[in-house]
Amino acid sequence: MNSSALHAFGTALLQAHKIDIQKKDKAFAERFLQHLDAIESLFNLIYGGHAKRNASFDALLESLIHYYQNRPATFLKKDIAKEKKGYWYLSNEITGMSLYVDRFAGSLHGLTEKLNYFEELGVNFLHLMPVFESPAGESDGGYAVSDFRKVDARFGSNEDLNALIKKMNDQNMYLMLDIVLNHTSHHHEWAQKAKAGDSYFQDFFYFYDNRDIPNQLDQTMPEIFPESSPGSFTYIPECNKWVMTVFHHYQWDLNYSNPDVLVAMLGNVLHYANLGVDILRIDAPAFIWKQLGTTCQNLPQAHILLRLIKQCVQVTSPGMALLGEAIVAPDEIIKYFGTDNYVAKECDVAYNATQMALQWDAIATGDTRVMLAAQHPILQKPYGCTWISYTRCHDDIGLGYDDYMIERAGFNPYHHRTYLKNFFAGWQEGSVAAGALFSVNPKTNDARISGSLASLCGLEKAVEWKSDMEIENALRKIILMQAQTMFMGGIPMLFYGDELAYTNDYSFLQDPGKSYDNRWMHRPIMNWTRNEKRKEANSFEQRIFSETQKLIATRKALNVISDTKNVTWMTPHNIHVAGFVRANEKTKLYCLFNYKHTASFVTWYAFKEHGERPSILHDHWSGQDFKVGNDNEYFVLPPYGFAILESVT
Ligand code: GLC
């Protein structure tokens with residue numbers, strides 16, 4: 001359709017649905033008509049030639065109107081307030097925590113009762129790990145969803161979720177939930193019908209009569225869980241067919257080449273918006289398009305679909321930002337913010353998985369050269385977009401940066417990666433880390449790392465060894481890691497338990513629904529009696545909790561940390577120190593982090609390279625003031641220490 005025909009078509013549709021174009025619904029109608037062109041052209045790029053093109057395009061537009069009409073007044077108001085703030089999610093005042101409702105607080109109701117804990121810590125944004133129905137024992141931590149709209153009974157009810165969201169809103173907290181876009185549980189109604197032979201629903205998935213195409217695809221598709229779920233296809237005896245299962249055998253990949261799938265899943269996206277989600281975490285978006293002869297990851301069509309979803313959300317629930325959980329190579333991650341005409345018009349937020357892994361690299365080696373060599377793609381983040389900045393999350397740590405980055409830092413990639421894996425698995429001589437390798441693939445020699453922040457930083461072993469020195473080092477490393485995460489830019493997302501130095505929890509080994517997946521070692525069950533120790537002087541819990549609190553408060557007080565521009569790295573005068581500058585018109589901050597077990601020295605000259613030369617620097621962490629010395633004198637960072645230095649004159 002040409003633009004004016006499309007406009008007339010859109011207007012007629014709005015009128016048919018009793019949208020008050022002139023008054024009450026004016027803003028919505030304007031957005032709808034403004035975005036229509038882009039929505040249509042993106043839709044046509046994927047489905048233009050599809051037999052169901054017209055019917056599904058109409059269904060998609062009707063969906064936008066329907067969910068707008070059902071958007072609760074509170075969130076309509078919140079949309080307006082957010083629009084006034086501009087890119088609200090760039091704010092330095094937001095700090096998040098990611099948690100499992102049941103493991104953290106028993107239930108949604110229990111969590112509602114615990115909101116004051118977050119306030120005490122300074123956290124005002126929660127990522128609840130999946131809460132919708134998911135079969136116990138085959139749930140992948142909730143990422144195998146059997147009903148996208150029904151809260152799983154183990155967490156409570158839909159009403160409990162609503163009550164939690166209401167209370168969070170009253171307390172000005174933000175919420176993130178997941179949409180598991182790539183797959184459903186094999187217990188989902190669509191999968192059940194497909195299994196029973198219903199061809200309409202078989203088309204919702206990738207079904208094959210024999211192994212011909214699966215065999216071809218297997219040649220190029222990397223395995224995600226090679227140990228627990230090798231291959232990417234599962235035989236379904238009920239219908240004598242093979243189905244695509246990229247993750248676990250019980251997670252069936254949705255087929256987005258069928259427009260009915262997109263329309264149905266978009267309905268779920270908008271439904272979550274109407275629950276009151278502030279940031280929607282799009283789980284595993286890299287995988288949503290499959291094509292023979294490719295890795296079936298990060299394909300251009302996946303980006304088109306995300307852009308289309310973004311346009312739709314922008315129309316119906318503009319206050320909801322989108323996070324693309326793309327844990328992929330650095331050059332690929334950045335593309336989820338959009339490219340070409342769609343720069344900053346795809347996902348608003350992405351995980352800074354590269355930086356996270358680089359910090360672990362530096363912890364293991366005491367050397368920041370790889371971190372520095374890998375910054376180029378990270379610094380391409382466009383204005384209006386931001387990172388989730390994190391040290392640990394519920395998943396494994398993938399050393400996803402490229403070999404050339406390691407080479408640039410002067411190391412052999414194979415030996416370097418082997419060292420890191422051995423270090424975190426605790427096999428390397430002298431390693432204090434207590435982690436484990438996850439998803440070891442003997443064919444590619446690839447492996448990722450599991451383990452809690454505290455255990456990977458050495459606390460578990462140091463306690464076992466009763467070594468005060470190693471305990472001190474571990475505690476410093478924990479806060480060093482969190483500090484760099486907090487000041488790098490982006491929304492810091494803590495992982496529950498890390499604020500209290502929880503070490504690995506090995507109870508998962510006793511649970512057959514979990515024992516095959518060692519990521520559960522770093523997904524602890526909170527012990528609220530133990531958590532009281534955060535109030536006991538000289539306990540680890542007290543030290544880490546109060547220092548985390550202080551980091552959050554310091555960040556909140558410094559507007560210059562809002563993510564309106566990317567960091568500027570300082571010239572590396574010392575390989576053990578990562579240093580960058582955050583600046584706006586009023587404030588200039590030098591943030592330095594020492595990854596070495598002894599003190600590190602940085603020439604004062606390093607502070608004189610970025611515009612006006614400071615003479616006094618105030619450290620927001622230690623509270624000390626420093627007089628900037630001569631070029632042959634040094635600023636000294638303590639072992640595993642850091643400084644957040646503001647230029648005061
Ligand atoms: C995401 C989740 C991970 C899950 C996978 C499959 O990567 O973070 O936990 O296993 O998607 O849904």
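The values are calculated or read from the model by the stated rules, or taken from the named source; none is laboratory data. Because the structure is predicted, anything quoted here is derived from the model rather than measured. Note that we place each Cβ from the backbone using ideal geometry, even for glycine, and neighbour counts take in every protein chain shown.
What helices (runs of 4 or more DSSP H) completely inside region 347-410 contain at least 2 residues that are in contact with a strand residue (DSSP E or B) (Cβ under 7 Å, 6 or more places away or on another chain)?
353-365, 369-373
Restricting to region 6-42, name every residue that is out of contact with any helix residue (DSSP H, G or I) (no Cβ under 6 Å at 6 or more places or on another chain), surrounded by fewer than 16 Cβ atoms within 10 Å (Cβ to Cβ) and farther than 23 Å from R307 by Cα.
A8, A12, Q15, A16, K18, D20, Q22, K23, K24, K26
Show the residue pairs that are 6+ apart or on different chains and have beta-carbon atoms under 7 Å apart, the first residue being within region 621-649 and on the phi > 0 side of the Ramachandran plot, the second being basic (K, R).
Y640/R476; Y640/K477
Among the residues of region 319-356, how many are under 13 Å from the mean Cα position of the chain (by Cα) and hydroxyl-bearing (S, T, Y)?
3
Determine the pairs where a residue that is more than 9 Å from G435 (Cα to Cα) and modelled with pLDDT of 95 or more, located within region 452-467, has a partner that is among the hydrophobic types (A, V, I, L, M, F, W, C) and loosely packed, with under 15 Cβ neighbours inside 10 Å with Cβ atoms under 9 Å apart, the partner being 6 or more residues away or on another chain.
Sorted first by the residue in region 452-467, then by its partner, the pairs are A462/M469.
From the list D498, D517, D563, exactly one residue is crowded, with 20+ Cβ neighbours inside 10 Å and either within 16 Å of the ligand (Cβ to nearest atom) or polar (S, T, N, Q) (or both). Which is it?
Residue meeting the stated conditions: D517.
Can you say whether I544 is modelled with pLDDT of 95 or more, assigned to a loop (DSSP other than H, G, I, E, B) and in contact with a helix residue (DSSP H, G or I) (Cβ under 8 Å, 6 or more places away or on another chain), as far as the supplied structure shows?
It is false that I544 is modelled with pLDDT of 95 or more, assigned to a loop (DSSP other than H, G, I, E, B) and in contact with a helix residue (DSSP H, G or I) (Cβ under 8 Å, 6 or more places away or on another chain).
From N268, N274, which residue is within 16 Å of the ligand (Cβ to nearest atom), among the polar types (S, T, N, Q) and under 27 Å from Y89 (Cβ atoms)?
Result: N268 is the single residue among N268, N274 that is within 16 Å of the ligand (Cβ to nearest atom), among the polar types (S, T, N, Q) and under 27 Å from Y89 (Cβ atoms).
Restricting to region 109-127, name every residue that is crowded, with 20+ Cβ neighbours inside 10 Å and of a type in the set (A, V, I, L, M).
L111, L121, V123, L126
For region 468-523, how many residues are at positive phi and assigned to a strand (DSSP E or B)?
Final tally of qualifying residues: 0.
So the check is Cβ under 9 Å with 6+ separation or different chains; which pairs have a first residue in region 317-338 that's within 13 Å of the ligand (Cβ to nearest atom) and a second one that's at pLDDT below 95 and in a helix (DSSP H, G or I)?
none
Of everything in region 595-618 that's surrounded by fewer than 20 Cβ atoms within 10 Å (Cβ to Cβ) and among the aromatic types (F, W, Y), which residue is farthest from M481 (Cα to Cα)?
Y605
Looking at region 347-403, which of its residues are in contact (Cβ under 8 Å) with a residue 60 or more places away in the chain and acidic (D, E)?
D348, D367, D395, D396, D402
Pairs, please: C-beta under 6 Å, at least 6 apart or cross-chain, first residue under 15 Å from A409 (Cβ atoms) and in region 566-586, second acidic (D, E)?
I575/D367
Would you check which residues across region 226-255 are of a type in the set (D, E) and either in a loop (DSSP other than H, G, I, E, B) or over 25 Å from the mean Cα position of the chain (by Cα) (or both) and list them?
If the condition is that a residue be of a type in the set (D, E) and either in a loop (DSSP other than H, G, I, E, B) or over 25 Å from the mean Cα position of the chain (by Cα) (or both), then E227, E238 are the ones that fit.
Output the residues belonging to region 51-65 that are outside any loop (DSSP other than H, G, I, E, B) and more than 13 Å from D25 (Cβ to Cβ).
R53, N54, A55, S56, F57, D58, A59, L60, L61, E62, S63
Output the qualifying pairs, or none if there are none: Cβ atoms under 7 angstrom, residues six or more apart or on different chains, first residue in region 516-530 and farther than 14 Å from C393 by Cβ, second residue within 13 Å of the ligand (Cβ to nearest atom) and part of a loop (DSSP other than H, G, I, E, B).
The qualifying pairs are Y516/S228; D517/S228.
This table checks each residue for (1) out of contact with any Leu (no Cβ under 7 Å at 6 or more places or on another chain); (2) closer than 21 Å to R149 by Cα.
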| position | (1), (2) |
| --- | --- |
| A264 | yes, yes |
| G267 | yes, yes |
| N274 | yes, yes |
| I282 | no, yes |
| G293 | yes, no |
| C312 | no, yes |
| S317 | no, yes |
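Quick check on this structure: which one of T339, T354, T368, T316 is of a type in the set (S, T, Y) and surrounded by fewer than 24 Cβ atoms within 10 Å (Cβ to Cβ)?
One residue alone meets the criteria, T339.
Mind counting the residues in region 472-490 that are hydrophobic (A, V, I, L, M, F, W, C) and either touching an Asp or Glu at 6+ places or on another chain (Cβ under 8 Å) or within 16 Å of the ligand (Cβ to nearest atom) (or both)?
2
Each row is one residue, and each column tells you yes or no for (1) of a type in the set (G, A, S); (2) more than 17 Å from Q291 (Cβ to Cβ); (3) surrounded by fewer than 21 Cβ atoms within 10 Å (Cβ to Cβ).
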position	(1), (2), (3)
K166	no, yes, yes
S185	yes, yes, no
G197	yes, yes, yes
F205	no, no, no
P214	no, no, yes
L217	no, no, no
P230	no, yes, yes
C239	no, yes, yes
W252	no, yes, no
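Spot the failing condition for M1; the list is (1) closer than 28 Å to F132 by Cα; (2) modelled with pLDDT under 95; (3) hydrophobic (A, V, I, L, M, F, W, C), and only one is missed.
(1)
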